[in-house]
Amino acid sequence: AVLKKRLVKLVVNFLFYFRTDEAEPIGALLLEHCRITKEEENVFSISFVEEPERKYCFECDSEEQCQEWIEALKRASYEFMRRSLIFYRNEIQKMTGKDPLEQYGISEEARFQLGTHKQ
């Protein structure tokens, strides 16, 4: 394993990485179907379900910073956001009796349903 110093920026579900002296990213990781793992005190890794042998390790300046990155990255996937949307949608519907997504015309879409699609 080769260690390289990189700057990283999280944008929605992409983790962009930069050389320390350049403004344009040299690459990006799409944070879908991935596993975020605490490796050591200040180190975490990202590996992907499709390529478990390929692992990206990141070293932080502190234990606290490492934990913040792990939490942010775990919340960055589409699937996490989808599950959160479903949960909050159901909670709002219980409290108000109305589907909060109805006004956007997406209340019957299967991807926002908990169970099977309504016929």
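With the whole protein complex present, MET81 retains an accessible surface near 80 Å², based on a 1.4 Å probe.
Between the helical axis of 63-74 and the longest alpha-carbon principal axis of the chain there is an angle of about 40 degrees. Computed over protein heavy atoms with a 1.4 angstrom probe, the accessible surface ordering of THR37, THR20, largest first, is THR20, THR37.
Summarise the long-distance tail of P(r) for the chain by giving the % of C-alpha pairs beyond 24 Å. Write out the running numbers ahead of the final one.
Numbers: 2985 of 7021 pairs.
Considering the chain, 43 percent of its Cα-Cα pairs are separated by more than 24 Å.
At a Förster distance of 41 Å, what's the computed FRET efficiency of GLU39 paired with ASP99, Cβ-Cβ distance as r, to 0.05? That gives a FRET efficiency of 0.45. Taking amide H as placed 1.01 Å from N in the peptide plane, the amide H of PHE48 sits under 5 Å from that of ARG35, ARG54, each at least 5 places away or on another chain.
Of GLU63, GLU39, GLU102, the residue with the greatest mean-square motion in the GNM of the chain, using alpha carbon springs below 10 Å, is GLU102.
Legend note: in the chain, cysteines whose Cβ sits 4.7 Å or more from every other cysteine Cβ are CYS34, CYS57. Residues whose amide H lies under 5 Å from that of ASN42, counting only those 5 or more places away or on a different chain, are absent; hydrogens are built 1.01 Å from N in the peptide plane. A crude spin-label estimate for the pair PHE80 and GLU32, with each label 7 Å from Cα along the Cβ direction, gives 1.6 nm. Once all protein chains are placed together, CYS57 keeps about 80 Å² accessible to a 1.4 angstrom probe. The calculated FRET efficiency for the pair SER62 and LEU3, based on their C-beta separation and a Förster distance of 22 Å, comes to about 0.75. Averaged per residue, the chain has 75 square angstrom of accessible surface, using a 1.4 angstrom probe with ligands and nucleic acids left out.
I'd like the carbon and sulfur percentage of the solvent accessible area for the stretch 1-104, probe radius 1.4 Å, heavy atoms only, ligands and nucleic acids excluded. Looking at the stretch 1-104 in its full context, I get 52 percent from C and S.
The values are calculated or read from the model by the stated rules, or taken from the named source; none is laboratory data. Worth saying up front: this structure is predicted, and the values here are computed from it rather than measured. In this analysis, Cβ positions are derived from the backbone assuming ideal geometry, glycine residues included, and neighbour counts consider all displayed protein chains. To get the accessible areas, we keep the full protein, side chains included, count just its heavy atoms, and leave off ligands, DNA and RNA. Shrake-Rupley method; radii C 1.70, N 1.55, O 1.52, S 1.80 Å.
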